[in-house]
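Trainee: One structure follows; several queries about it will come next.
What follows draws every value from the coordinates through simple rules; no lab data is involved. It should be emphasised that the depicted structure is a prediction, and the values quoted were computed from it without experimental measurement. For neighbour counting, all protein chains shown are included, and Cβ atoms are generated from backbone atoms with ideal geometry for every residue, glycine included.
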Amino acid sequence: MSCCAPGTEGALDAARARSALPSSEELLLASRPVGEGLRQSDLSVPGVHCGACITTIETALQALPAVERARVNLSTRRVSVVWKEQVDDTATDPQVMAAAIAATGYETHLFSLPGDGEDDLRNQLIRAVAVSGFAATNIMLLSVSVWSGAEAATRDLFHWISAFIAGPTLIYAGRFFYRSAWNVLRHGRTNMDVPIAIAITLSYVFSLWETLHSAQHAWFDATVSLLFFLLIGRTLDHVMRDRARSAITGLARLSPRGAMVMLADGTRDYRPVEEIAVGDHLAIAAGERIPVDCRVLTGASDVDRSIVNGESDPLAAGPGTRLEAGAMNLTGSLLVEAVSTARDSFLSEVIGLMEAAEGGRARYRRIADRASQVYAPVVHVMALGSFLGWGLYDGDWKHALMVSIAVLIITCPCALALAVPVVQVVAAGRLFAGGVMVKDGSAMERLAEIDTAVFDKTGTLTLGKPRLVDRDGVNRAHLALAAALAAHSRHPLSIALAGAVPGPTPVFGEVRE
């Protein structure tokens, strides 16, 4: 019995969901202006895992009058929303966008880059794979005994043992598919986990019915084995996407977590990079990366700006030099003035370009997305049609049900909607690892059709790591002495010189650069 009046439960659920969302103030503070009265907000949607999820969220957001455009990034599970600050002279409440996502059944909160800690979902998936694999192995051993000729009471006993192993396994290991399927069904939609959940449930229930009636065949081994292989695919997909995020994560790691701020009274205060404001004076020691875009006030140093221009030759920085976030201060200490926040820095713009490239809708990705939208409904219609067709054809409705379950099982894998997006993300990550940044996803498709490549002469085709190429005529002892001195410097040429001598080198007590 409920203490609520009939019909109020849904309203209460909606109220609870809205209260769990980020507040309007939080969303507004976390957003950033993008010009022409528009702002951009980045929200995390952890439940996104297929093309149907992406289409559902983007469609729900684009239906809002205030939303200019919305894009879901599958690898980072982030949705970027560009919205109008005012609609018809009325200020926009940014919480309506989070509420629209929540209304589709997906949890959402403010986005932050993933840390280096343990991946809880990955660990859960691995445990589920282990449980289902152990269960499938044991049920298969019992099935071999049945296939070898076990009959009557012995066969029934093996079937019942298999049923008691398979039941808890479906509940524990299959919860990822059941939760996803229930979540979309209760919101009046479907996704690729729905046919999976129906297939493994029907096959188990059908086998249990056969066991109750002492039938010769049961398919508990097939049910659990199917779950085992599906979980392997889900786990590999999760790990692949986690690795694919390495390009964006690698860029984000070029920015330090914080910096030393010089206060007006001469004291120093360490602040997280998100709290650095325009006009703050920052002390940058040798070997540290530049946290935000800044201008040098005092000091002189060599700065590695290869992240900006691809050049291996460092920049000689002095008072008045502009430096970008992510650049490496090599040789001397600097006092700089912040000219932008971390959110508006050069490095943040590069990360945005990489995300746009990974989430861009290239031609093949648009085809895969359109196919994924009709995938689940077509599967259900085919299964129902097979059931009715075979039942009406030969009147054996039991056989018709078996055919229907087989159709669901055969069409279970959801690689269609994942293959193209994941390939695009992995390609962008591999290119970034090779020193190439992609800012348009369709560029990778067009790249396969080119026949001529033209490069400019700025030196950006170098590897970014100088090396000593000519040792002829150089005294070996002198070279070892130079390498020992160079080992105390972070200058790219010094690093190359130090690496040119593999053997032992002299040791110096104190070296000043």
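Trainee: Under the definition of Cα pairs under 8 Å and six or more residues apart, what whole-number percent is the relative contact order of region 17-110?
Mentor: Numbers: 154 pairs, mean separation 35.6, N = 94.
Here the relative contact order equals 38 percent.
Trainee: If you don't mind, another one. Quick check: pseudo-label points 7 Å beyond the Cα along Cα→Cβ at Ala480 and Glu68, how many nm apart are they?
Mentor: Using points 7 Å along Cα→Cβ, the separation is 6.5 nm.
Trainee: Still on this structure, I have one more. Relative contact order for region 465-513 using alpha-carbon pairs under 8 Å, separation at least 6, rounded to a whole percent? Mind showing how you got there, number by number?
Mentor: On the way: 46 pairs, mean separation 20.5, N = 49.
In percent, rounded to a whole number, it is 42.
Trainee: Taking the Cα centre of region 129-283 as origin and charging only Cβ (+1 Lys, Arg; -1 Asp, Glu), how large is the dipole, in debye to the nearest 20?
Mentor: Values: 13 positive and 12 negative charges, 50 e Å.
Once rounded to the nearest 20, the dipole reads 240 debye.
Trainee: Expected output is a single nm value to one decimal: the length gained when fully extending between Gln86 and Val339, i.e. 0.36 nm times separation in residues minus the C-alpha distance. What is it? The partial results should precede the final answer.
Mentor: On the way: separation 253, 0.36 × 253 = 91.08 nm, distance 2.84 nm.
Using 0.36 nm per residue and subtracting the Cα-Cα distance, I get 88.2 nm.
Trainee: Please list the radius of gyration and Dmax for region 465-513, considering alpha-carbon atoms only, with Å as the unit.
Mentor: Considering region 465-513 through its Cα atoms, Rg and Dmax are 10.5, 30 Å.
Trainee: For labels at Ser24 and Ala406 in the simple 7 Å Cα→Cβ model, what's the distance in nm?
Mentor: For the pair Ser24/Ala406, the computed spacing is 5.9 nm.
Trainee: Please give me the summed charge of the neighbours of Phe177: other residues whose Cβ is under 9 Å from its Cβ, Lys and Arg +1, Asp and Glu -1.
Mentor: On the way: positive: Arg175, Arg179, Arg234; negative: Asp193.
Once positives and negatives cancel, what remains is +2.
Trainee: Using the beta-carbon distance between Leu447 and His488 and R0 = 51 Å, what value does 1/(1 + (r/R0)^6) give for FRET efficiency, to the nearest 0.05? Mind dumping the intermediate values first?
Mentor: Details: r = 43 Å, r/R0 = 0.84.
The value I calculate is 0.75.
Trainee: Local charge sum around Glu274 (other residues, Cβ-Cβ under 14 Å, Lys/Arg +1, Asp/Glu -1)?
Mentor: Numbers: positive: Arg32, Arg257, Arg271, Arg343; negative: Glu26, Asp42, Glu275, Asp280, Asp344.
It works out to a net charge of -1.
Trainee: Which of Arg155, Arg512 comes first, and how do the rest follow, when ranked by fewest Cβ neighbours within 10 Å? It would help to have the intermediate numbers written out before the result.
Mentor: On the way: Arg155 20, Arg512 4.
The most exposed by this proxy come first: Arg512, Arg155.
Trainee: Let me ask another. Rounded to the nearest 0.05, what FRET efficiency do Val469 and Ile171 have when you use their Cβ-Cβ distance and R0 = 45 Å? Before the final figure, lay out each step's value.
Mentor: Numbers: r = 65 Å, r/R0 = 1.44.
Result of the calculation: an efficiency of 0.10.
Trainee: Under 12 Å from the Cβ of Arg295, count the other residues' Cβ atoms, weight Lys and Arg +1, Asp and Glu -1, and hand me the total.
Mentor: Working: positive: Arg322; negative: Asp280, Asp293, Glu324, Glu337.
Counting the neighbours of Arg295, the net charge comes to -3.
Trainee: Between Ala264 and Val381, what is the FRET efficiency for a Förster distance of 56 Å, r being their Cβ-Cβ separation, to the nearest 0.05?
Mentor: Numbers: r = 71 Å, r/R0 = 1.27.
The pair Ala264/Val381 has a calculated efficiency of 0.20.
Trainee: Roughly speaking, what is the stretch gain from Tyr393 to Glu311, that is 0.36 nm per residue apart minus the C-alpha to C-alpha distance, in nm to one decimal? Could you put the intermediate results ahead of the total?
Mentor: Details: separation 82, 0.36 × 82 = 29.52 nm, distance 7.27 nm.
Residue separation times 0.36 nm, minus the Cα-Cα distance, leaves 22.3 nm.
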